């Protein structure tokens with residue numbers, strides 16, 4: 001679908017950076033002259049290859065359209081005897097942000113998020129319910145510790161664990177795959193802190209509502225599977241049916257995976273990530289407020 005026409009290449013590329021377009025076709029001003037005089041003209045395709053599969057498919061479709069147009073033009077302008085020397089169009093492709101269309105570059109940032117989610121989402125969900133089963137929660141309830149301080153004390157260790165996992169993941173992806181983010185590590189850590197606030201809060205909510213360890217495990221696996229599969233990790237959100245897109249946009253993983261990929265491949269800075277960061281902040285406030293309110297302190 002054509003989203004716009006621009007007379008300046010930089011304006012068109014800006015649309016890609018703002019995710020208003022996925023691919024740009026640049027037709028030079030000398031296109032007509034080159035076709036007549038040189039019998040050859042060049043056009044340039046700039047494809048957003050953050051998602052390498054999507055970028056490759058988009059380029060292939062557009063290249064096929066250009067080839068069909070070139071063949072049609074040659075047939076109209078030249079007799080059959082001259083078709084071998086007739087004008088043709090050369091399409092030059094520039095894959096932006098992922099020059100070699102390396103799928104690992106696209107998936108590894110998402111797998112880092114997956115590791116953080118599995119550990120920092122599951123472990124908090126088992127925390128309070130274990131104390132319920134062992135009976136130690138009654139002793140805690142008898143203390144003057146407020147609900148806010150109690151939940152905060154439960155969450156801090158998992159925030160630290162999450163940041164350790166993130167650091168180790170950076171190290172592993174660099175040592176084994178030679179992959180480093182194009183953007184700032186500070187941007188990734190700030191975003192990770194906000195994400196961890198939300199995902200650990202969700203785990204505590206599940207633990208608050210569970211009476212047994214088994215019940216908590218069933219609930220957390222149910223929610224974790226949903227948020228992983230509907231996060232855009234494996235399938236672009238835009239390719240999902242409407243109901244799945246609605247779930248994806250209400251999913252903190254969707255926004256953190258987007259941030260990780262943008263920083264790793266495009267080198268995006270905090271101002272560029274304002275929208276997903278605001279969503280993550282909203283999730284963090286919502287889940288942690290719910291976690292504090294849902295904890296019933298008795299004693």
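Here the condition is being part of a helix (DSSP H, G or I), modelled with pLDDT under 90 and within 13 Å of residue 202 (Cα to Cα); of 280, 293, it holds for 293 alone.
Inspect region 147-169 for any residue being assigned to a loop (DSSP other than H, G, I, E, B) and at pLDDT 85 or above and give the result as yes or no. No, region 147-169 contains no residue that is assigned to a loop (DSSP other than H, G, I, E, B) and at pLDDT 85 or above.
Among the candidates 223, 286, 256, which residue alone is out of contact with any strand residue (DSSP E or B) (no Cβ under 6 Å at 6 or more places or on another chain), more than 22 Å from residue 165 (Cα to Cα) and part of a helix (DSSP H, G or I)? First the steps, then the outcome.
Values: 223 fails: more than 22 Å from residue 165 (Cα to Cα); 256 fails: more than 22 Å from residue 165 (Cα to Cα).
Only one candidate passes the filter, namely 286.
Okay, residues lined up against (1) buried (at least 17 other Cβ atoms within 10 Å of the Cβ); (2) closer than 20 Å to residue 104 by Cβ; (3) at pLDDT 90 or above:
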residue	(1), (2), (3)
225	no, no, no
250	no, no, yes
254	yes, no, yes
269	no, no, no
274	no, no, yes
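The values are calculated or read from the model by the stated rules, or taken from the named source; none is laboratory data. This is a predicted model, so every value here is computed, not measured. Cβ atoms come from the backbone with ideal geometry, glycine included; neighbour counts cover every protein chain shown.
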